[in-house]
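Here's the structure we're looking at; comments come further down.
The values are calculated or read from the model by the stated rules, or taken from the named source; none is laboratory data. Please read these numbers as outputs of a predicted model, since none were measured by experiment. All accessible areas refer to the heavy atoms of the entire protein, side chains included, with ligands and DNA or RNA removed. Shrake-Rupley method; radii C 1.70, N 1.55, O 1.52, S 1.80 Å.
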Amino acid sequence: MTNIYQFEAELLDGKNKAFTDYEGKVLLIVNTASKCGFTPQFAGLEKLYEKYKPQGLEVLGFPCNQFGGQDPGSNDQIGAFCQKNYGVTFPMFAKVDVKGPEAHAIFRYLTNNSKGLLGSGIKWNFTKFLIGKDGMVLNRFAPTTKPEALEEEIEKALQK
């Protein structure tokens, strides 16, 4: 597959979302968790979304329970938690695996097209992938990278 637009994924509400709907946008794809030390990053992700959405940024959250069982809730519980605690308005998708044989195709694509510090696999919650307007992976950021630290790269991607 050549870019991210070949994929689709299920939203928290159970509807499928084709990634062709995001053509021409800059995407920040994040594997999230509701009970992680990095969970407060939801607030920073929401701020990025609010600031840059008018310019063409979409933040896409993918809950995952593969790291320390830190997102055990149902899709409904996850959505309610994100809205109530962090005011999340960016699209949240149904819980997925991001590593191993059951990894969602989007995350297989992302990890095959961007290497992390310790190789291609995702090592923890809140790994972030920046996708350009052409649907190609521009960069990958560690869970410890705070959302506000991505502003310069997001701005560059939006200007291309």
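Numbers below:
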quantity	calculated
Amide hydrogen neighbours beyond the local backbone of residue 59, cut-off 5 Å, H modeled	28
Anchor residue 35: lysines whose Cα lies under 18 Å away (excluding residues fewer than 8 positions away in-chain)	84, 95, 123, 128, 146
Stretch gain in nm, segment residue 146-residue 83, where the contour uses 0.36 nm per residue and the Cα spacing is subtracted	20.7 nm
All lysines inside 18 Å of residue 160 as judged from Cα atoms, apart from same-chain residues fewer than 8 positions distant	25, 51, 53, 133
Per residue Cα convex hull volume in Å³ - calculated over the range 42-129	108
Solvent-accessible area, 1.4 Å probe, carbon plus sulfur percent, for the range 4-46	45
3J(HN,Hα) from dihedral phi, the range 32-44, Karplus parametrisation 6.51/-1.76/1.60, rounded to Hz, x for glycine, proline	10, 7, 8, 10, 10, x, 8, 3, x, 5, 3, 4, x
By accessible area with a 1.4 Å probe, ligands and nucleic acids excluded, highest first: order of 152, 46	152, 46
Accessible area per residue in Å² at 1.4 Å probe, computed on the chain	47
